[in-house]
1. Name the residue, out of 103, 167, that is under 15 Å from the mean Cα position of the chain (by Cα) and touching a residue at least 40 places away in the same chain (Cβ under 8 Å).
2. Could you tell me whether any residue of region 44-59 is within 22 Å of residue 114 (Cα to Cα) and in a strand (DSSP E or B)?
3. With respect to residue 57, is the statement that it is modelled with pLDDT under 75 and either touching a helix residue (DSSP H, G or I) at 6+ places or on another chain (Cβ under 6 Å) or surrounded by 14 or more Cβ atoms within 10 Å (Cβ to Cβ) (or both) true?
4. Give just the number: which of (1) modelled with pLDDT of 95 or more; (2) surrounded by fewer than 13 Cβ atoms within 10 Å (Cβ to Cβ) does residue 208 not satisfy?
């Protein structure tokens, strides 16, 4: 319940002040586990993704955010997965695996951290491991405009248009992946990053036409 209260409040804010819109929402599976993945350029990215998804998604958030009492009492009750920064957090990975195996969707950024240039950084293998271990398909999405609204280092929001474009579901079983788990995880992560980039290029082309 708290998740949708917070999500609806954030979506209302984005729609009113940022002209928010989402394309491809019909591609979000309404049943079963999947991993939602997008580019990462701003703190506004999670609210944008939550607003675009008609289904509750479990987000990964750095554990230090839970030190804030208000965050912990409100946003912290929205099914977040605490992640320790600067180390391989096995506990967070296990929590994500449990959620996926129970049929719940999980969201994460393939890059692992925000991009300072706006361009996709090299994908980390974590998303590949999660998909291969659980068998969960991956749903790519591209977020546009948050880098202008609240770029890394900015202290205030600039009111500009934000949108999310959701792509087609990626089934790892249909990809030609290496036999080695490490190599397969990285190749899958790279494939997902490539699909996110492709969505971004499609969005850019449409904007030029308009």
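The values are calculated or read from the model by the stated rules, or taken from the named source; none is laboratory data. Just so we're clear, the structure is a prediction, and the values are computed from it rather than from any experiment. Note: ideal-geometry Cβ built from the backbone for every residue, glycine included; neighbour counts use all protein chains shown.
1. Details: 103 fails: under 15 Å from the mean Cα position of the chain (by Cα).
Just a single option satisfies the conditions, and that option is 167.
2. In the first step, residues of region 44-59 are kept if they are within 22 Å of residue 114 (Cα to Cα); the result is 44-53, 57-59.
Next, from what is left, pick out any that are in a strand (DSSP E or B): 58-59.
Checked region 44-59: at least one residue is within 22 Å of residue 114 (Cα to Cα) and in a strand (DSSP E or B).
3. Details: modelled with pLDDT under 75: no; either touching a helix residue (DSSP H, G or I) at 6+ places or on another chain (Cβ under 6 Å) or surrounded by 14 or more Cβ atoms within 10 Å (Cβ to Cβ) (or both): yes.
No: the conditions fail for residue 57.
4. Looking at each condition in turn, residue 208 falls short on (1).
Conditions tested, residue by residue: (1) surrounded by 17 or more Cβ atoms within 10 Å (Cβ to Cβ); (2) closer than 27 Å to residue 177 by Cβ; (3) in contact (Cβ under 8 Å) with a residue 24 or more places away in the chain; (4) under 17 Å from the mean Cα position of the chain (by Cα).
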| residue | (1), (2), (3), (4) |
| --- | --- |
| 78 | yes, no, yes, yes |
| 81 | yes, yes, yes, yes |
| 84 | no, no, no, no |
| 111 | yes, yes, yes, yes |
| 123 | yes, yes, yes, yes |
